Structures are given as structure tokens and as C-alpha cells.
Amino acid sequence: MNHLIFLIIAFPLLGGVSLIAMSRRVREPLAGWVATAAVGLSFLTTLGVFITLLGSHSGGPSHAVTQHLFDWINVGALHANMDLTVDPLSITMCLFVTGISTLIHLYSIGYMHGEKDFTKFFIYLNLFVASMLILVLGGNMLLTFTGWEGVGVCSYWLVSYYFQKDSAASAGKKAFIYNRVADVGFLLAMFVIFFNEHTLTYSKMTAHMSSLTLTMAVLALLFAAAGKSAQIPLFNWLPDAMEGPTPVSALIHAATMVTAGVYLLCRMHVVVSASPTGQWVICGIGLATAFVAATIATSQSDIKKGLAFSTVSQIGYMVLAVGTGDYVAAMFLMVAHAFFKALLFLGSGSVIHALDGEQEMGRMGGLRKYLPWTYGTFLFGWLAIIGVPPFAGFWAKGSVLDAVFGKSPWLWAGGLFTALLTAYYMSRLFYLTFTGSARFTEQGPNGEAAVAHPHESPWTMRLPLVILAFCSIFGGLLNLPWVHGFGLEAFLSPVFGSSLVVPADSMTKQFLLAGADALVAVLGLTIAWVLWRGRSERPELTPAFLAKVWYWDNFYDTIIGRPATALANFTAEVVDPLVLDGAVDGTAAAVGGLATRLRKVHNGQIRSYGVGIIFGLLVILVSFLVVVG
């Protein structure tokens, strides 16, 4: 089975290429089924490789298996082959990437029904999954960077899918530019590491660098991860990316692409763990992002943007776990988050589908009796993300907070308060959407017609919701605490090493920490119930400062956007016509003037030419005598 690793990537890649080749003949819904089957085959292949890896101990201490496809780049000391590496870390990523992608592809068949560019949408989805798998399975940083760029361009296509809308086109460009800025960090990290380690292959890295060099490499990696995983200072592209279709939000901006930055930091754990300074910076960025995004989410009126800021906050927790050195906790939350956040996004898509495109929570309410399947599954996703036991979020977020407590009680206090905010804003979102009176029957503020008959989604949309709800309930079984030698911790320990995992504290303290996690979840949902029961608008609880994202975009516009625009205008109006064009035009005028003067010498008179020849000879003779003298 190990020699078939390449099929994990080949199936979605072949699906996308086949749909491109047959785009004029394959229409709805066949294109959707072809794309779904391609990703489904990739999931089955991944499952087979996982079973083989699970039962094999022939891959060395890390249980890694590498499939060499071909030699790629051999220039001097740089040797970067096309090698796909399967180890516990990469196969864990592949399992939930391909599994959830299959469900989202199936969901999209119903959600995208009637779209003009139905086939094109699934082409983009297949190519995205293939790029994400290249990123995960790459055996060296250069191959990972290839997949990194692939998911970036596919994300641009999918976010700006409705490119006829100015907002969607702008959102796609914003996401693309932010990620390209962050890619500078990835490149710098590669340059620093290769200059010192003389390799970009993960298995050969030793982190034998000076403290300053290690810190530089870790900060460069963190900057790259901040762009892809939407962390401060590059987090504010993600909410705008909600302009894409809801399945895109679920696949790219909840379950897969935005976790790529966290995966990169985990994959580079040898370098990250060797820099204590870098780890503290990672902790600071993770906690700050989690807190800032959580405060912003408390004031969002758009259901998808509320979930988007929730994603930013949850990834902040993952980054925080990486900073503590507990990479297993980061991966555990990543997998659990993929389950319940994909469920929540797809559930919101079902709501939007039922209300004919309505996304404002102020125009929803009372939907539990109209959308029983959506309501029931969304309920489980809500309880999971706020950390109510025994749902997956309780165990996953609890493992992160336990690791943070071991790093610093102050960091833990900040993380716990952010968990309280999470319970509050997600409960607010749930109450406004599904409880209270039905507000979708009211006429819109601009006189538009209201939706009078919300309807439940087709089975292609309901089935993924049910499966993800099941995973959100029982996902905590992947890594239950107090059960050593079982679950993700035991499975991933060959990659990270037991010394990298934060040691368990006393049982009493763990129970107290778990009790605090459960308490803030219940407290948050209770506060939201008291404040929002029977209410759809409370301006005093949704200040403009939070609704407008701490004026983060305004700040960037002031210090970067407007000065850059002024510089561009100055360049276009002054530098280009006067300096650049002036230099070119001036040179042409000077040459023309000189030619005009020289033309007078050629008057056609032999006497003048003779005098010129004699004068030239005299000049040569005098020059010769001077040199000889």
C-alpha cells in the first residue's frame, strides 16, 4: 500500500483535470458526482495507507514512509526531490482533509444546484484538495511551498467565485495579497534554514544553529503561518473571504487551508522547540488573536462572518498550543475543530439556502421548527465549540488550556476568558438563528420581499451534517485525557517525541482545570440567554468598534493603503511623465539635435572633406608625438 501514496494526490488532481477536459460535455449534477468520487477515492486510499502505517513498525523510529517519485532540483548543495512522506502527522492531516472534503463535495452538489458555473466550481474544489495534499505530504519545505502556493491560488478562485460582485472580487484579491505578503516569511525561513542546515528535507533538520538564527527562522515561519492561518497581524482577510459560496467557507476557511499554518509550525517542531524566545512570541500571537477575534465575533450580524471570526479565534488556540510545545494538543484541537466548524458552516449554509440567500441573523429566528435536521445538527456543533462536556470541543480545548496552564497561569487565565467569550458569542448566534420569533416573514428595510416559506435542505446537504454531528459528539475519543498509550498522543509521539509533550500534572489539578472549562461554557451560554432571549437587536452590546473589526482595516488603510495610493498617483503624474518619460524624450531630443548639427558637415563639397582629412591626420600626428615624447 505504501507505494500507492501518490494516489492520495492523484485522484483529486485527476478529477480536476478530467472535468477541465470534459467541461463542455459534463454538466450538473454529473460534474459534482465525478469530483466527489475523486476525493472519496483519495479518502479510501488514505484510509488504506493509515491502516498499513498503523500496523507497521518498519519505518524507523518515526514510523515514516517516503515514496520517491523522481529527482526534482539538484543544484549545488540543494537537493529537493519529489518525495511524499507519510508519518503519523501527515496521515492525520490527510485523513480529515480528504474525509471532510468528501462530505463538503457531496454537500455542494445540493447547495450549488442551478449555478451557471457548476462544473467550474468543482474543478476548483478538486484542484484545491490536490494542492492541500501536496502541502501535507511534501517531504521537504520546497514541495510543501508548492502546495502552499497551490491552495493560495485555488482559494483566490473560490473566494471570488461570484466575481461579478465587486465585494467578491475585492475579497479574492485581498485574500491573495495577504497570503502573498506572508509567503515572504516562508521564503525567508527556507533561506535561513538552508544556509545553516544545508538541507530543506524535514527528516534531516537538526536545528544546530545559533540562538539568534533559530529565533529568526521561527519568527519567519510564524509570519508565514499568520497569513495562511489568519493570525495577527494578517487575520482580517478571512472574514471578507466569506463572499465565496458557503461550501468554500467550510472547506477552505474552517477545516483545511487555514490550518496549514499550524501544520507548518508542527511540522517544523524541531526548529520551533529549539527557540524559547520564538515559542513565547508564538504564545503571545496565538492568545492575542484568539482574544481579539472573540471580541469581534460578539458584535457580528452576518452569520458567516460570526463563524469566520470564531475560526480565527480557534486557530489562535492552536497557535497558542504550539507555543507551549504541546503539538499533540494543537493537532487534537485542529481535528476536532475541523469536525464542528465544518458542521457549523454547512449548517449556516443550510439556513442561508432555506432563506433564499439571507445571511443577517436579525432576519432569522424561530427556524428550529422549519429546519429540524439543520437545527438538530447545528445544536451539536454549537455545544461542541463552546466546550460543553462530553462533546469533542470540551476535550480538545481542554487539552490546550491544560498545556497553557503548565506554561503560564497568566496565559491560561487569558485563554479561559476567551473561552467564556466563545461560549457567549456562539450562543448568541445560535439563539438569534433558531430560537425566538420568526423574523424572516417581516419586510426588509429597503422594501424587498420577505422569505415566507423556509425549507429543509435536500439529502445531499443533510447527510454531511449528520456525519459531522456524529464526529462532533464523539470526536473527543481521539485523545481522551488520563488514558495513556492510546489516542493521538500515542500515535503522534514518534513524530514529536514524548519529551516535547507537556507532562501531565496531578489528577486533582486536571479535574479542577476541566471543571473550570465546563463552568465557563455553561456561564457563557447562560449570559447569552439572559441578554438575548427574545431580542434581535441590542446596540449597546454590539459597539461599532467591535462590529468594524477594531478598525483594523481602517488602520491599514491609513498607514499603508492611502500612502501607497498617494505614492502611486505621484509616480503616475510626476515621476513617470517628467522623470522617466522626460529622460527618454530628452535623450531622443539631444540625439536629434546633435544629428542636425552633424548634418551640416556633410555638405557635398570635396574641398571641405579634404580639409577634414588633413585636420584629422594632424591630430593623429600630434597625438603620436605627444605619446612618444
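Just how large is the dipole of segment 312-433 about the Cα centre, in debye to the nearest 20, putting +1 at every Lys and Arg Cβ and -1 at every Asp and Glu Cβ? It would help to have the intermediate numbers written out before the result.
Details: 7 positive and 5 negative charges, 34 e Å.
Dipole of segment 312-433, to the nearest 20 debye: 160 debye.
Provide, for q = 0.20 Å⁻¹, the log10 of I(q)/I(0) from a solvent-free Debye sum over equal Cα point scatterers in segment 509-629. Values returned for q = 0.20 Å⁻¹ are -1.12.
Relative to its Kirkwood radius, the Cα radius of gyration of segment 21-148 gives an Rg/Rh of 1.06. According to the Kirkwood relation over distinct C-alpha pairs, the hydrodynamic radius of segment 291-443 is 15.7 Å. With the highest mean first, a sort of the peptides 547-555, 387-395, 223-231 on other beta-carbon atoms found within 10 angstrom per residue produces 223-231, 387-395, 547-555. Summing Lys and Arg as +1 and Asp and Glu as -1 over all other residues whose Cβ lies under 14 Å from the Cβ of residue 529 gives a net charge of +4.
Taken over the alpha carbons of segment 10-83 as equal point scatterers, the Debye sum produces base-10 log I(q)/I(0) values at 0.11, 0.14, 0.17, 0.23 Å⁻¹ of -0.50, -0.71, -0.84, -0.99. Among 195-201, 30-36, 397-403, sorting by the average number of other beta carbon atoms lying within 10 angstrom of each residue, highest first, gives 397-403, 30-36, 195-201. Rounded to the nearest 20, the Cβ-based charge dipole of the chain about its Cα centre (Lys and Arg +1, Asp and Glu -1) stands at 560 debye. Only helices enter the 222 nm calculation for the chain: every DSSP H run of n ≥ 4 contributes -39,500 (n - 2.57), and dividing by all residues gives -22000 deg cm²/dmol, rounded to 500.
Legend: P(r) of segment 246-335 from all alpha carbon pair distances, 5 Å bins from 0, whole percents, reading 3, 16, 23, 23, 18, 10, 5, 2, 0.
Among residues other than residue 183 with Cβ under 13 Å from its Cβ, the summed charge is +1 (Lys and Arg +1, Asp and Glu -1).
Hey, what's the Kirkwood Rh for segment 111-168 if you take every pair of different alpha carbons, in angstrom?
Values: mean 1/r = 0.0813 Å⁻¹.
Its Kirkwood hydrodynamic radius stands at 12.3 Å.
Between helix 118-137 and the chain there is an angle of about 90 degrees, using the helix long axis and the longest principal axis of the Cα atoms. Rounded to a whole number, what % of the accessible area of the chain do carbon and sulfur atoms account for, probe 1.4 Å? Exposed carbon and sulfur together represent 69 percent of the surface.
The long axis of helix 88-111 is offset from the longest Cα principal axis of the chain by roughly 80 degrees. Check the straight Cα-Cα distances from residue 305 and name the aspartates and glutamates below 14 Å, setting aside those fewer than 8 residues away within the same chain. The qualifying aspartates and glutamates are 240, 243, 358, 360.
The chain: Rg/Rh from Cα coordinates, Kirkwood Rh? Intermediate results must be reported in sequence, preceding the final value.
Details: Rg = 30.0 Å, Rh = 26.6 Å.
When Rh is taken as the Kirkwood radius, the ratio is 1.13.
Roughly how large, in nm² to one decimal, is the mean projection of the convex hull of the alpha-carbon atoms in segment 205-284? Show your work: numbers first, answer last.
Working: hull surface 21.2 nm².
Result: 5.3 nm².
Against the empirical curve 2.2 N^0.38 Å, the C-alpha radius of gyration of segment 565-629 lands at a ratio of 2.08. Charges on Cβ only, +1 for Lys and Arg, -1 for Asp and Glu, centred on the Cα centroid of the chain; of 7, 620, 202, which one is farthest towards the dipole's positive end? Farthest along the dipole direction, towards plus: 620. Each label was represented as a point 7 Å from its Cα along the Cα-to-Cβ direction; for residue 22 and residue 598 these points are 6.8 nm apart.
Relative protection proxy for 355-366, 592-603, 88-99, 246-257, from highest mean packing down: 246-257, 88-99, 355-366, 592-603 (other beta-carbon atoms within 10 angstrom).
The residues packed around residue 311, meaning those with a beta-carbon under 11 Å from its beta-carbon, carry a net charge of +3 if Lys and Arg are +1 and Asp and Glu are -1.
In the full protein context, the chain carries 42 Å² of accessible surface per residue, based on a 1.4 Å probe and ignoring ligands, DNA and RNA. For segment 524-595, the extents of the C-alpha atoms along the principal axes are 89, 17, 15 Å, listed from largest to smallest. At the listed q of 0.13, 0.20, 0.23, 0.26 Å⁻¹, the Debye profile of segment 294-380, built from one uniform point per Cα, gives log10 I(q)/I(0) equal to -0.50, -0.94, -1.11, -1.26. What angle do you read, to the nearest 10 degrees and between 0 and 90, between the alpha-carbon axis of helix 141-159 and the longest principal axis of the chain? Once rounded, the angle reads 80 degrees.
The values are calculated or read from the model by the stated rules, or taken from the named source; none is laboratory data. Everything numeric in this text was worked out from a predicted model, so none of it was measured. Cβ atoms come from the backbone with ideal geometry, glycine included; neighbour counts cover every protein chain shown. Ligands, DNA and RNA are excluded from the accessible area calculation, which covers all protein heavy atoms including side chains. Shrake-Rupley method; radii C 1.70, N 1.55, O 1.52, S 1.80 Å.
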